[in-house]
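These notes are about the structure you will find just below.
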Amino acid sequence: MAKISVIGSSSMDLVVTSSKRPGAGETVLGESFTTVPGGKGANQAVAAARLGADVTMIGRVGDDHLGQQILRNFEENHVHINYVKPVTHMESGTAHIVLAEGDNSIVVVKAANNEVTPAYVEEALDVIRSSDIVLIQQEIPAETIVYVSEICAKYQVPLLLNPAPAREVEESVIANAAYITPNEHEAAIMFKDMSLQEALRKYPNKLFVTEGSNGVRFFDGEQEVVVPTYKVEAVDTTGAGDTFNAAFAVALAEGKSLADSVKFANRAASLSVTKFGAQGGMPTRREVEEQL
Ligand code: RIB
């Protein structure tokens, strides 16, 4: 069983559906409002656990009722939460999501996720060191990502950096990561001084650019490869990237080849969009394998 540590955000998603996305200064009437567990870190932890991995989440929640719901959701999905400690006098992270016109818009309020600091993560050093792979995203402080990249390099634990949401990333983090999975927009911000083709060639078998319905692009040392995705009827694309990253990590930790790992991850991500909510459609191992 693949042993995975996820270091990242845990939030509650506050989701409204509307036929129209409001413009600046505009008010529109929506159709529904739902709260569902989310946060890129938590989503990746839950997705990896559903795919059969032994997952430890390293994160924080607020000392509030949303925090309790987030913790309960981890437990229901068999994610270890010894290192998801409530922060006193601080709210849980929230993501304010509008689903309209076939896509989402998201505003994230990090709140307790700002307390996933290097000192806090250090408490989980033993778990991190004994992981087959570590997953991290960018809804936590940048200095924590630098710190985690250093300890992963020091103890030779592969680090998968999902650089979302987009921001510039330190050279040392790029060097220390084993795998980096931006979408095209995130890649353009990370590698702003070079073209996508140059970035792919600079980081063979390390940089995997997700291109939505087009598939996933990487350079295998000899040529650019695009692993196509699967066509499905999408209900909600929220969490598709998280499912991709989790499934990619699970497959890599199990020793699958890079191309097979991307294929497995594409299949899992395509299933995830067929239901509402970031975690609603995340598939089990069996569901992915039946479809492959
Ligand atoms: O990647 C999807 C996630 O991004 C949502 O669940 C939301 O919490 C935002 O952080």
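The values are calculated or read from the model by the stated rules, or taken from the named source; none is laboratory data. Predicted model, so just to flag it, every value in this text is computed and none were measured. Backbone-built Cβ (ideal geometry, glycine too); neighbour counts: all protein chains shown.
Name the helices (runs of 4 or more DSSP H) wholly inside region 162-279 in which the number of residues that are of a type in the set (Val, Ile, Thr) and out of contact with any helix residue (DSSP H, G or I) (no Cβ under 9 Å at 6 or more places or on another chain) is 1 or more.
Fully inside region 162-279 and qualifying: 184-190.
Give me the pairs, please: first residue somewhere in region 230-257 and on the phi > 0 side of the Ramachandran plot, second residue anywhere and in a helix (DSSP H, G or I) and within 15 Å of the ligand (Cβ to nearest atom), beta-carbon distance under 7 Å, and either six or more positions apart or on two chains.
Gly239/Asn43; Gly239/Ser272
Take the residues in region 77-90 that are assigned to a loop (DSSP other than H, G, I, E, B) and hydrophobic (A, V, I, L, M, F, W, C), then tell me which one is nearest to Ala48 (Cα to Cα).
Only one residue tops the list, namely Val79.
Would you please list the contacts, defined by Cβ atoms under 8 Å and residues six or more apart or on different chains, that run from a residue in region 91-105 that is closer than 19 Å to Glu233 by Cα and in a strand (DSSP E or B) to a residue that is within 8 Å of the ligand (Cβ to nearest atom) and modelled with pLDDT of 95 or more?
Leu99/Thr238; Asn104/Ile97; Asn104/Thr238
Could you pull out the residue among Ile136, Ile145 that is at pLDDT 95 or above, under 15 Å from the mean Cα position of the chain (by Cα) and over 26 Å from Phe264 (Cα atoms)? I'd like the intermediate steps shown before the answer.
Details: Ile136 fails: over 26 Å from Phe264 (Cα atoms).
It is Ile145.
Is it fair to say Leu51 is modelled with pLDDT of 95 or more and either of a type in the set (Phe, Trp, Tyr) or more than 30 Å from Glu254 (Cα to Cα) (or both)?
Here the answer is no, as Leu51 does not meet what is asked.
Would you be able to say whether some residue in region 250-267 is in contact with a Lys or Arg (Cβ under 6 Å, 6 or more places away or on another chain) and among the small types (Gly, Ala, Ser)? I'd like the intermediate steps shown before the answer.
So the first thing to find is which residues in region 250-267 are in contact with a Lys or Arg (Cβ under 6 Å, 6 or more places away or on another chain), and the list is none.
The answer is no, given that none of the residues of region 250-267 is in contact with a Lys or Arg (Cβ under 6 Å, 6 or more places away or on another chain) and among the small types (Gly, Ala, Ser).
Show the residue pairs meeting these rules: Cβ distance below 9 Å; 6+ apart or different chains; first residue within region 281-292 and modelled with pLDDT under 95; second residue not in a helix (DSSP H, G or I).
Gln291/Tyr230; Gln291/Pro283
So which residues in region 113-154 are among the polar types (S, T, N, Q) and either part of a helix (DSSP H, G or I) or surrounded by fewer than 19 Cβ atoms within 10 Å (Cβ to Cβ) (or both)?
Asn113, Asn114, Thr117, Ser130, Thr144, Ser149, listed by residue number.
What is the number of the single condition among (1) over 17 Å from the mean Cα position of the chain (by Cα); (2) aromatic (Phe, Trp, Tyr); (3) in a helix (DSSP H, G or I) that Phe74 does not meet?
All conditions are met except number (1).
Among what's in region 64-102 and is of a type in the set (Asp, Glu) and under 18 Å from Asn114 (Cα atoms), pick the residue that is surrounded by the fewest Cβ atoms within 10 Å (Cβ to Cβ). Write out each step before concluding.
Taking region 64-102 as the starting set, the residues that turn out to be of a type in the set (Asp, Glu) are 64, 75-76, 91, 101.
From what's left, under 18 Å from Asn114 (Cα atoms): 64, 91.
Working: Asp64: 18, Glu91: 16.
Ranking the qualifying residues of region 64-102, first place goes to Glu91.
Just one of (1) charged (D, E, K, R); (2) within 16 Å of the ligand (Cβ to nearest atom); (3) closer than 19 Å to Lys3 by Cα trips up Glu186, so point out which.
(3)
Do you know which of the residues in region 75-120 that are in contact with a helix residue (DSSP H, G or I) (Cβ under 7 Å, 6 or more places away or on another chain) and within 17 Å of Met282 (Cβ to Cβ) is farthest from the ligand (Cβ to nearest atom)?
His78
Which residue out of Leu292, Leu200, Leu207 is within 29 Å of Met1 (Cα to Cα), crowded, with 17+ Cβ neighbours inside 10 Å and more than 16 Å from the ligand (Cβ to nearest atom)?
Unique residue meeting the criteria: Leu207.
Just give me the residues in region 160-183 being buried (at least 23 other Cβ atoms within 10 Å of the Cβ), polar (S, T, N, Q) and more than 13 Å from the ligand (Cβ to nearest atom), in sequence order.
Those that are buried (at least 23 other Cβ atoms within 10 Å of the Cβ), polar (S, T, N, Q) and more than 13 Å from the ligand (Cβ to nearest atom): none in region 160-183.
If I ask for residues that are closer than 23 Å to Phe276 by Cβ and buried (at least 17 other Cβ atoms within 10 Å of the Cβ), which ones from region 103-112 would you list?
Taking region 103-112 and keeping what is closer than 23 Å to Phe276 by Cβ, we get 103-109.
Passing the criteria: Asn104, Val108.
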